[in-house]
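For reference, the structure discussed in these notes is given below.
The values are calculated or read from the model by the stated rules, or taken from the named source; none is laboratory data. Model, not experiment: these values are computed from the prediction. All Cβ positions, even for glycine, are placed from backbone atoms using ideal geometry, and neighbour counts span all protein chains on display.
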Amino acid sequence: MKDKELLIFPVLSGIACLLVLATFAVPTYLADAWQVPGREAPASEQIVFYGLIFLFYYCNFFVITFFNSAIVGSAVMRLSGREPTFGDALMAAMNRLPQIAAWAFLAATFSVVLKIIESRSERVGQFVVAVLGTAWTVTTFLVVPVLVVEGIGPIDAFKRSSKLLVKTWGQQLFGNSSFGIIFFLLSLPADSRWAGQRLAAVLAAVYLLVLGVVQSTLQAIFQAAIYVYASEGHEPAGFNHGLLSNAVVHR
């Protein structure tokens, strides 16, 4: 509520991601190169396909991480008692461009590896991807705050994120899905029943976009609070101990 300008960053991130999608999707579609090459496809064809997938993932991860870094940077400043401005938030991300670029490279590489595994065996591949994807999501939960605050490289940030989570919440971790559940329930009024009514459909679409922006912003702020709690050992102002201690639960 004190930093409503942070809502601008998810909007900018969404616009940038759409531009990235258009940049890759249009030429790929026109070249009829959007289908995953089969096992019998020439090595050169597979290299080109997965190379393009990697570049697409890299650009998206860079954009998303950059704008999330701005939100997290501003939130950390606020939680430490400062009065951040929009410019301060933007500068927090700008100051970590090398780290953000390196992390986007690592995340894109991991995503391409998952894509290759999934394409090689549909059933087994999907199971392996689900397991590895969940583990990656949990262990990298604090990577962006670590990058922003500590300014270390992607490998060290990954290790630091895992260490903070294990130290604070134990060996077996499972990310709390409260945000997803809450915003799923909030999105129910904008269901498909309104599709036949033009005005209602437009209002529903706007409503969902606003929900998405708010959810993205709140999740990044919550990440910052979790990082402060895990790294400094005390709950930041505005958050209670019970909320943060149950943010990542044993399973």
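Scanning the stretch 12-28 for residues that are under 21 Å from residue 93 (Cβ atoms) and among the β-branched types (Val, Ile, Thr) returns 15, 20. Inside the stretch 1-30, can you point out the residues that are farther than 23 Å from residue 84 by Cα and either in contact with a helix residue (DSSP H, G or I) (Cβ under 6 Å, 6 or more places away or on another chain) or aromatic (Phe, Trp, Tyr) (or both)? Hits for the stretch 1-30 are 16, 17, 20, 24, 29.
Given the criteria surrounded by fewer than 16 Cβ atoms within 10 Å (Cβ to Cβ) and of a type in the set (A, V, I, L, M, F, W, C), does residue 132 qualify? So residue 132 fits the description; yes. Of the residues 144, 113, the single one that is within 20 Å of residue 67 (Cβ to Cβ), at pLDDT 85 or above and part of a helix (DSSP H, G or I) is 144.
State yes or no: is residue 168 under 20 Å from the mean Cα position of the chain (by Cα) and β-branched (Val, Ile, Thr)? When the stated conditions are applied, residue 168 does not pass them.
Which of the following residues is crowded, with 18+ Cβ neighbours inside 10 Å, modelled with pLDDT under 85 and assigned to a helix (DSSP H, G or I): 168, 137?
Working: 137 fails: crowded, with 18+ Cβ neighbours inside 10 Å.
From the options 168, 137, the qualifying one is 168.
Would you confirm whether any residue within the stretch 136-154 is free of Cβ contacts under 8 Å to residues at least 40 places away in the same chain and within 21 Å of residue 15 (Cβ to Cβ)? No: zero hits.
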